[in-house]
1. Can you compute the helix-only [θ] at 222 nm over the chain? Use -39500 (n - 2.57) per DSSP H run of at least 4 residues, normalise by all residues, nearest 500 deg cm²/dmol.
2. With Cβ to Cβ distances under 15 Å as the rule, what net charge do the other residues near Asp57 carry (K, R +1; D, E -1)?
3. Starting with the highest mean, order 49-61, 72-84 by the number of other Cβ atoms within 10 Å, averaged over the residues of each peptide.
4. Can you give the Rg to Rh ratio of region 54-105, both from alpha-carbon atoms, with Rh computed by the Kirkwood formula?
5. How much accessible area per residue does region 18-88 have, counting only protein heavy atoms and a probe of 1.4 Å, in square angstrom?
6. First compute the accessible area of the chain with a 1.4 Å probe, then give the percent of it belonging to carbon and sulfur atoms.
7. Give me the net charge of Ser40's neighbourhood, meaning all other residues with Cβ under 15 Å from the Cβ of Ser40; Lys, Arg count +1, Asp, Glu -1.
8. Can you work out the Karplus-derived ³J(HN,Hα) for every residue in region 16-24? Use 6.51 cos²θ - 1.76 cosθ + 1.60 with θ = phi - 60°, whole Hz, and x for glycine or proline.
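The values are calculated or read from the model by the stated rules, or taken from the named source; none is laboratory data. Source: prediction; values computed, not measured. All Cβ positions, even for glycine, are placed from backbone atoms using ideal geometry, and neighbour counts span all protein chains on display. Side chains included, ligands, DNA and RNA excluded: accessible areas come from the protein's heavy atoms. Shrake-Rupley method; radii C 1.70, N 1.55, O 1.52, S 1.80 Å.
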Amino acid sequence: KAWDIPAKYKAMKNKKNGDEASIKLGKTLYAKYCKSCHGSGKGDGPKAASLKTKMDDFGSKAFKALPDGDKYYMFVVGRGEMTGFDKKIVDEDERWALISYLETL
């Protein structure tokens, strides 16, 4: 099922995109919060097999084409088995750093 992204998120832009320090921080956050399910970015983490939801391949053209705000909403707000990280990663720069790292996968 397609994500229903509210307009306020669609308008968001990642001001840290491509910033080397942000990518490094994002990689650390990814290892802590995402890798167990998303693995190398293809949904191949150790927990992936136990999930009902098919995960996006972060390296795919379709994922790369998503607006920054869509990615932010998916990660921060979440839905279903993709729980939001709004309570675990509260700093905006850290949130965008993680999204910047996803762009490198």
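1. Numbers: 6 runs with 46 residues, N = 105.
Rounded to the nearest 500, the figure is -11500 deg cm²/dmol.
2. After counting each charged neighbour, the total is +3.
3. Values: 49-61: 12.7, 72-84: 16.2.
Ranking, from highest mean packing down: 72-84, 49-61.
4. Numbers: Rg = 10.8 Å, Rh = 11.4 Å.
When Rh is taken as the Kirkwood radius, the ratio is 0.95.
5. On the way: 4360 Å² over 71 residues.
Roughly 61 Å² per residue, with all protein chains present.
6. Values: 3590 of 6560 Å².
For the chain, the apolar C and S fraction of the accessible surface comes to 55 percent.
7. Numbers: positive: Lys27, Lys35, Lys42, Lys47; negative: Asp44, Asp56, Asp57, Glu103.
So the environment of Ser40 carries a net charge of 0.
8. Coupling constants for region 16-24: 9, 4, x, 5, 4, 5, 5, 4, 4 Hz.
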